[in-house]
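The values are calculated or read from the model by the stated rules, or taken from the named source; none is laboratory data. Values in this document were obtained by computation on a predicted structure and should not be read as measured data. All Cβ positions, glycine included, derive from the backbone under ideal geometry; neighbour counts span all protein chains shown.
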Amino acid sequence: MATKVDTAPAQSEEDAFRAEVRAFLAEHFPPELKGQSNVLSAIEGPGDETDAQRRWREAVGARGWGTPTWPKDYGGGGLSRRKARILEEEFARAGAWNPIGGMGVMMFGPTLLEYGSEEQKREHIPPICRGEIRWCQGYSEPNAGSDLANLQMSAEDRGDHYLVNGQKTWTSGGQWADKMFALVRTDRSDKHRGISFLLIDMDAPGVEVRPIRMISGASPFCETFFTDVRVPKKNLVGEEGQGWTIGKRLLQHERTNLSGGGSMARLMGPNLSDIARREGDIDAAGRLADTVLRDRIADFEIRWNAFLLTARRAMEESKAQGGVSEISSVLKKLGTKLGQERAELLIEIVGLQGLGWDGDGFSEGELERTRGWLFGKATTIYGGSTEIQNNIIAKRVLGMLDHQ
Amino acid sequence: MAVLNDEQVMLRDMAREWVTNESPVSAFRALRDREDAHGFDPDAYRAMAEMGWTGIVIPEQHGGSDFGWLSLGLVVEELGKTLTSSPLVSSTIAASAILLGGSEAQQERWLPRLASGEAVATLAVDEGPRHDPARISASVSDGKLSGTKAFVAEAHAAQLFVVAATDGLYLVESGAGVQLATRQLVDRRSHAQVEFRDAPAERLGGGGDNLLDDVLDRARIVTSAEMLGTAQAVFDSTLGYLKQRVQFNQVLATFQALQHRMADLYGDLATMRSAVEGGLQALDSGFGIARAATIAKAEANRVLHRISNEGIQLHGGIGMTDEYDVGLYLKRARVLEAAWGNTAFLRDRFATIGGY
């Protein structure tokens, strides 16, 4: 299991690239954007960018550096992993962030690069690299959640186009998206092979979007209705009936993104013990006065650290084996559960002050804490619920069989 | 599994082959049934020493191989898988105390003999049934140590005790002034209450103020490595059993209620392995050892506790029989959990290190 190390290119080439990135940052990164992040921009609202944010997005997009390892031919950066790493390091050093994100980058782009036709790649990848087009995902339906293959939205062959009818739900950012990648039914006689992968314009006649109000008060998801929507045949990705295969591949990208230890750590912000020290009652010995809470925070942090070590190990193993490590299968389930536990503890630290809904008496941060706690309940449901993850682990990793 | 170098892969494979062929669980059973006071087979320990395992963290100049802690952990994990009974862990921890705090003369005197397996040593810290290094009353005056240590592991075969006293760690040889009273625990390994009465003692003068903590962290990490092997073995055995046991005309592995429980345990085992390997790697790098040791042992305690209980439940009635191995793992698991810090102790330590 010895690690294969890529032969390092000449040091000077790396140094030159590092210098190039620094020069780029000095010229283009607006200092007022330092430390900001767009991690949640994909689902958090329309592109009401400031001028500086737009200029920054355009500068990064023009270089393809928002999608550093994607092929240059389609607008990506065309960088090796080593150089992409340098890029990331230099951005972090400057307090800069990647303005190109969303589902197009995380999920759809990688899948289209693998399965799309040349024409489709030329049409769709460059605008993703430039951060111009927002994609949304049309997978779930009212009767197709965990049992996704039960989806019913139909695409009927009408010669030069498909006629699409039906409903999608839990469409993240549907109200702001320009386009949707969707799983549709092209054949009712075969559950899995009757599914196709179709690209739909959200402004096409017959598409209607209704935001869903969530328990957190926010509406990041929508119901999307389709009535006699005409979709040109050129928008079929892969073959008719190949949608399940392509769609599952895309979900692998989703899981990787939802559970990546590093990005999760960023999402989670400062560690719990710092917050407890700052906001909790401290006794004369400098300890949290609530000894039960102290014990639970320590328990959480120990397991959180073990999780981060596991995410790192999965990455190292994948690199060394040249394939996905089998422990990657547990990251989504573990990371989302820990995130929820953390949100619960954050509230307990400050009591009712952490359950504010609106109005006077609560800071912005406190209200965000409430919303985060509530919205976080979705993480173990979306992207393949914990129960589905358990099925996958049991069957694919542990070799436990299906019921006969 | 951490990414290993070629030598580590060879070492692990060798250990795996040896425990499978030379030291299966049946070997431990035979020892137990013989009620051997030493609690291990001297021939087996000699074989382990000949393969170099007793000197893995001892420098070459003192007869070891200086292969590092991750390498040691690989071997200890394999030993844990078959409940191999040996003083390897105790002796290695004692050796590390001498390495950290011993004078040149003390190192020269003991390390080569520990590396060769010719001598066995062990660490004696706690004076009650719960690990509590802050409560030590054994004391030394005029080079003579007096006090009583509880549940000292591998005491029966030890020629040398590394003993915690109020003002530091001391080397005490077995013999005059050292009295053992056997304490038979459920794991049926060697444990004894050791009474020191004016026993000649030599102080470990180096290693600084934190010597005891530093040694205990090594003990915590290496113990977690044994626990990792123990947990892995119970998991593998349970999964194997679920795949062959038929009820309601179905193998049990097809039942979703059981699949999800195994998926949970698999996730636990993954984080336990990462925490344990993280501890071993911290020892090799020399950074963040106290924190890494606390994470490793706490995670090992949590996961092994759960897996050893689930192992019995998922094996059903047969898991309750002495004839079946899974019960032996449960008994060893609890003793290892209590060693060098139970979960409450470790959480308190983690919070203290974190300043809250």
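Within region A:277-302, being of a type in the set (K, R) and either within 7 Å of chain B (Cβ to nearest Cβ) or touching a helix residue (DSSP H, G or I) at 6+ places or on another chain (Cβ under 6 Å) (or both) holds for A:R277, A:R287, A:R294.
Of everything in region B:178-221 that is part of a helix (DSSP H, G or I) and touching a Gly at 6+ places or on another chain (Cβ under 7 Å), the residue that is surrounded by the fewest Cβ atoms within 10 Å (Cβ to Cβ) is B:L211. Taking the criterion of being among the β-branched types (V, I, T) and part of a loop (DSSP other than H, G, I, E, B), the only residue of region A:82-120 that qualifies is A:I100. Before we move on, is B:M10 part of a helix (DSSP H, G or I) and surrounded by 14 or more Cβ atoms within 10 Å (Cβ to Cβ)? The answer is no for B:M10.
Just the residues that are aliphatic (A, V, I, L, M) and more than 8 Å from chain B (Cβ to nearest Cβ), please, taken from region A:303-347. If the condition is that a residue be aliphatic (A, V, I, L, M) and more than 8 Å from chain B (Cβ to nearest Cβ), then A:L308, A:A311, A:A314, A:M315, A:V324, A:L331, A:L338, A:A343, A:L345, A:L346, A:I347 are the ones that fit. If a residue must be assigned to a helix (DSSP H, G or I) and either at pLDDT 60 or above or acidic (D, E) (or both), how many such residues does region A:255-287 contain? Number of matching residues: 11.
Residues are listed down the side, and each one gets a yes or a no for (1) basic (K, R); (2) touching a residue at least 40 places away in the same chain (Cβ under 8 Å); (3) outside the structural domain of B:T82 (by TED's automatic domain parsing); (4) touching a Leu at 6+ places or on another chain (Cβ under 7 Å):
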| position | (1), (2), (3), (4) |
| --- | --- |
| B:L283 | no, yes, yes, no |
| B:V303 | no, yes, yes, yes |
| B:N309 | no, no, yes, no |
| B:G316 | no, yes, yes, no |
| B:A339 | no, yes, yes, no |
| B:L346 | no, yes, yes, no |
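May I ask you to list pairs of residues, at least six apart or on different chains, whose Cβ atoms are under 7 Å apart, with the first in region B:156-183 being closer than 17 Å to B:A219 by Cβ and in contact (Cβ under 8 Å) with a residue 12 or more places away in the chain and the second being among the basic types (K, R) and surrounded by 21 or more Cβ atoms within 10 Å (Cβ to Cβ)? Qualifying pairs under 7 Å: B:V163/B:K149.
The set of residues from region B:95-133 being closer than 17 Å to B:V194 by Cβ and in a helix (DSSP H, G or I) comprises just one member, B:A97. Of the residues making up region B:237-248, just one is free of Cβ contacts under 8 Å to residues at least 12 places away in the same chain and either facing chain A (nearest Cβ under 8 Å) or crowded, with 18+ Cβ neighbours inside 10 Å (or both), namely B:K243. Screening B:T230 with (1) within 10 Å of chain A (Cβ to nearest Cβ); (2) of a type in the set (S, T, N, Q); (3) under 20 Å from B:N342 (Cα atoms) gives one miss only, at (1). Determine, yes or no, whether A:I393 is farther than 25 Å from B:Y241 by Cα, within 14 Å of chain B (Cβ to nearest Cβ) and in a helix (DSSP H, G or I). Considered against the rule, which asks whether it is farther than 25 Å from B:Y241 by Cα, within 14 Å of chain B (Cβ to nearest Cβ) and in a helix (DSSP H, G or I), A:I393 comes out as no. Tell me yes or no: at least one residue of region B:163-171 is assigned to a loop (DSSP other than H, G, I, E, B) and either surrounded by 13 or more Cβ atoms within 10 Å (Cβ to Cβ) or in contact with a Cys (Cβ under 8 Å, 6 or more places away or on another chain) (or both). No, region B:163-171 contains no residue that is assigned to a loop (DSSP other than H, G, I, E, B) and either surrounded by 13 or more Cβ atoms within 10 Å (Cβ to Cβ) or in contact with a Cys (Cβ under 8 Å, 6 or more places away or on another chain) (or both).
Annotation: of all residues in region B:321-355 being in contact with a helix residue (DSSP H, G or I) (Cβ under 8 Å, 6 or more places away or on another chain) and aromatic (F, W, Y), the one that is nearest to the other protein chains (Cβ to nearest Cβ) is B:F350. The one condition from (1) modelled with pLDDT of 85 or more; (2) surrounded by fewer than 18 Cβ atoms within 10 Å (Cβ to Cβ) that A:L40 does not meet is (1). One residue alone among B:W110, B:W69 is touching a strand residue (DSSP E or B) at 6+ places or on another chain (Cβ under 8 Å) and of a type outside the set (D, E, K, R), and that residue is B:W110. The set of residues from region B:28-43 being buried (at least 18 other Cβ atoms within 10 Å of the Cβ) and either in a helix (DSSP H, G or I) or among the aliphatic types (A, V, I, L, M) (or both) comprises B:F28, B:L31. The residues listed here are B:R183, B:R189; of these, the one that is under 23 Å from B:G117 (Cβ atoms), away from chain A (no Cβ under 14 Å) and within 23 Å of the chain's Cα centre (by Cα) is B:R189.
Select from region A:133-162 the residues that are of a type in the set (D, E) and either outside the structural domain of A:S196 (by TED's automatic domain parsing) or crowded, with 18+ Cβ neighbours inside 10 Å (or both) and list them in ascending order. The one that is of a type in the set (D, E) and either outside the structural domain of A:S196 (by TED's automatic domain parsing) or crowded, with 18+ Cβ neighbours inside 10 Å (or both): A:E141. Those strands (runs of 3 or more DSSP E) of region A:134-196 in which 2 or more residues are under 15 Å from A:I246 (Cβ atoms) and either at pLDDT 95 or above or hydrophobic (A, V, I, L, M, F, W, C) (or both) occupy A:135-138, A:179-185.
Of all the numbered requirements in (1) touching a residue at least 12 places away in the same chain (Cβ under 8 Å); (2) in contact with a Pro (Cβ under 7 Å, 6 or more places away or on another chain), B:M14 misses one, and that requirement is (2).
In region B:15-27, which residues are outside any loop (DSSP other than H, G, I, E, B), surrounded by 16 or more Cβ atoms within 10 Å (Cβ to Cβ) and away from chain A (no Cβ under 14 Å)? Across region B:15-27, the qualifying residues are B:A15, B:W18, B:V19, B:V25, B:A27. Could you say whether any residue in region B:279-286 is part of a helix (DSSP H, G or I), within 11 Å of chain A (Cβ to nearest Cβ) and surrounded by 24 or more Cβ atoms within 10 Å (Cβ to Cβ)? Yes, the conditions are met somewhere in region B:279-286. A residue that is in a helix (DSSP H, G or I) and among the β-branched types (V, I, T) occurs nowhere in region A:319-329.
Among the residues of region B:321-351, those that are within 19 Å of B:E77 (Cβ to Cβ) and outside any helix (DSSP H, G or I) comprise B:D325, B:A339, B:W340.
Report yes if A:I388 is free of Cβ contacts under 8 Å to residues at least 40 places away in the same chain and either surrounded by fewer than 17 Cβ atoms within 10 Å (Cβ to Cβ) or more than 10 Å from chain B (Cβ to nearest Cβ) (or both), otherwise no. Here the answer is no, as A:I388 does not meet what is asked.
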